[in-house]
């Protein structure tokens, strides 16, 4: 007989957390609506931005999915040295600062990069990375590993008996097992990548641009930063919001897949496929991932000691923002997860449909009449980053909170534990691992964020990703490379420290 | 007496009714097929399952509206009876007062109870450093120290081997001799070993308790169906 879980509930912290999330998402939207200037309507350039945004997101999602299928298939059935390292690496792009990855991609595919040097050598014309193809390349770099992991999870969810059955029947694994699995996994994966590409700002900022490769978010940035046309920025922010809500509703209805599955190291015993073909797929995917990162390290090391002092100051500011944002995000996530329930679940996914530029525009409009927005740049960045990381952190800790409630809720209730004792001495100790993982996630995401800060930062208070972006813009590539290396190191170190902190001395 | 007046439990298609009194200071076994509602019945007594209708009367007081912690009830579940990250002493101490730090006097009480169940000197260990039998003893120690008059056992010893299980049952009989114990079991040997009376839970009804020796000497049809050849 299944019985409903009995739990000790806390109300006001979840109320405050929900309120804050609502203010950051819908409150800023309200400010945007009030300020939006529709008199000019959407111009040709705006429509082009909308078309480009949707097109590039569709192409990015389709390409990521199509390319991930053979890679996941190969990974699921091959054992080789370094397999588990490669699978771990597939999770890394999520933690990777976008500017760092873009720098690596430029070092491989950009002007004077490996690919163009090779083309030169062969006497072929160079290819340009900027524009549509660059944006797509950037998004595929980030999302191919994500989709690969999702499909790999799908493979591992198939019981091994089915493979034995297929093999003994001499049936086609592709027809009997792979296609049904892909039909389940791919729609969700496609939508997630579509949504991510729709709201990704930094890739478009660094690799797009120009009238033919401007996303709506980029247009918001330009309207606010270059033209200081608040009405137009607000109108574009509304357009972006509409796009996100449309896509977000889809994702929510299909159920966003969980990319943090554990136990991906297992390999399936299989009797089909060609080893050489699988080898090529895995090799190409690994090269596509590792080469750009390798270039960051290679080019970054020489200038590391010559970095100007203001880069180190920017690194310090970023660490501060990342720590504060991770702390805030974790407090919000815990308050919401401990409360539980359908309302909390909805509030938890709201930020997925929010975009940092829309939130940023709203906050800018709210703050601008009162004081100089640059003074609040770091505070605003902290708040926005914490809100945007919330859905991921909730996904990391939510299931564990539910498990503790299911395992110990009744015991706690029958013993009469107060909410304080329950949270302090039961929940928190039992949640150490997911809290460490979630905090690491939030910290790394915030550390690498190049979104709302671009709207607010003046000359002084820039974060490390912004400082690095400005170095790239000024063609100081050597310094940018070293800054990228510092940023990469700090992001991964933050994640590692938090994650390890949750793993040591845990009684399970 | 622990009296159930027109007790009705409902969840979806499931329904369980009972109109019975359980004698105080005795051990009563609940027997019946799985899914019949034995655990649900215990959950209702402990306060985890709201009644559809009826009353639960303990010693002249209605307890069906009280919060779990306010009921005169201790319960041992099938598993998760100990918090894995707390020491044995802390776990047992929670029965005395729901805090993690106890006064020296309270700590002495915990040490005494641990000695009673044969766990002297093991108070500083985490549950994972105990054997399965020792973990059961630690959980029982918390029930002992809580000193609540009703003790519900939802098959807490089911995962132990037969020898250890009998040992625990004997410990229950020896240590809980003044309490009203209601235990779920599917093994007639458990009931014969320590139970004074047996209630059948079958066909949507909790039947009135029957003296253990009598019910096995002359089993009703529902019990015969359940036991098969074992009886």
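The values are calculated or read from the model by the stated rules, or taken from the named source; none is laboratory data. Since this is a predicted model, take the numbers as computed values, not measurements. All Cβ positions, even for glycine, are placed from backbone atoms using ideal geometry, and neighbour counts span all protein chains on display.
Before moving on, here are some points about what is shown:
- In summary, no strands (runs of 3 or more DSSP E) completely within segment B:2-57 bear 3 or more residues that are within 9 Å of chain A (Cβ to nearest Cβ), closer than 19 Å to residue B:76 by Cα and out of contact with any strand residue (DSSP E or B) (no Cβ under 8 Å at 6 or more places or on another chain).
- When the test is whether a residue is within 14 Å of another protein chain (Cβ to nearest Cβ) and surrounded by fewer than 24 Cβ atoms within 10 Å (Cβ to Cβ), residue A:490 does not pass it.
- Residues of segment A:401-424 that turn out to be farther than 21 Å from residue B:67 by Cα and without any contact (Cβ under 8 Å) to a residue 60 or more places away in the chain, as a count: 2
- Residue match in segment B:90-112 (condition: within 17 Å of the chain's Cα centre (by Cα) and within 9 Å of chain A (Cβ to nearest Cβ)): yes
- Selection within segment B:129-138 - part of a helix (DSSP H, G or I) and under 23 Å from the mean Cα position of the chain (by Cα): B:132, B:133, B:134, B:135, B:136, B:137, B:138
- Looking only at residues in segment A:407-433 that are crowded, with 21+ Cβ neighbours inside 10 Å and within 30 Å of the chain's Cα centre (by Cα), the one that is farthest from residue B:90 (Cα to Cα) is A:431.
- Every test in (1) buried (at least 20 other Cβ atoms within 10 Å of the Cβ); (2) modelled with pLDDT under 90; (3) closer than 19 Å to residue A:90 by Cβ is passed by residue A:143 save one, and that test is (2).
- So residue B:156, is it out of contact with any helix residue (DSSP H, G or I) (no Cβ under 9 Å at 6 or more places or on another chain) and under 28 Å from residue B:37 (Cβ atoms): no
- Condition check for residue B:75: within 13 Å of chain A (Cβ to nearest Cβ), in a strand (DSSP E or B) and touching a residue at least 40 places away in the same chain (Cβ under 8 Å): yes
- Restricting attention to segment A:56-67, the residues that are surrounded by fewer than 19 Cβ atoms within 10 Å (Cβ to Cβ) and touching a residue at least 60 places away in the same chain (Cβ under 8 Å) add up to 4.
- Tally, over segment B:161-176, of residues that are free of Cβ contacts under 8 Å to residues at least 24 places away in the same chain and not in a helix (DSSP H, G or I): 1
- Checking each residue in segment B:139-160 for being in a helix (DSSP H, G or I) and within 10 Å of another protein chain (Cβ to nearest Cβ) picks out B:139, B:142, B:146.
- Single residue of A:393, A:404 found to be modelled with pLDDT of 90 or more and either within 14 Å of chain B (Cβ to nearest Cβ) or surrounded by fewer than 22 Cβ atoms within 10 Å (Cβ to Cβ) (or both): A:404
- Test result for residue A:138, at pLDDT 85 or above, over 23 Å from residue A:52 (Cβ atoms) and surrounded by 16 or more Cβ atoms within 10 Å (Cβ to Cβ): no
- The set of residues in segment B:149-160 being touching a residue at least 60 places away in the same chain (Cβ under 8 Å) and more than 26 Å from residue B:69 (Cβ to Cβ) consists of B:159 alone.
- Scanning segment B:78-106 for residues that are in a helix (DSSP H, G or I), touching a residue at least 12 places away in the same chain (Cβ under 8 Å) and surrounded by fewer than 17 Cβ atoms within 10 Å (Cβ to Cβ) turns up just one, B:106.
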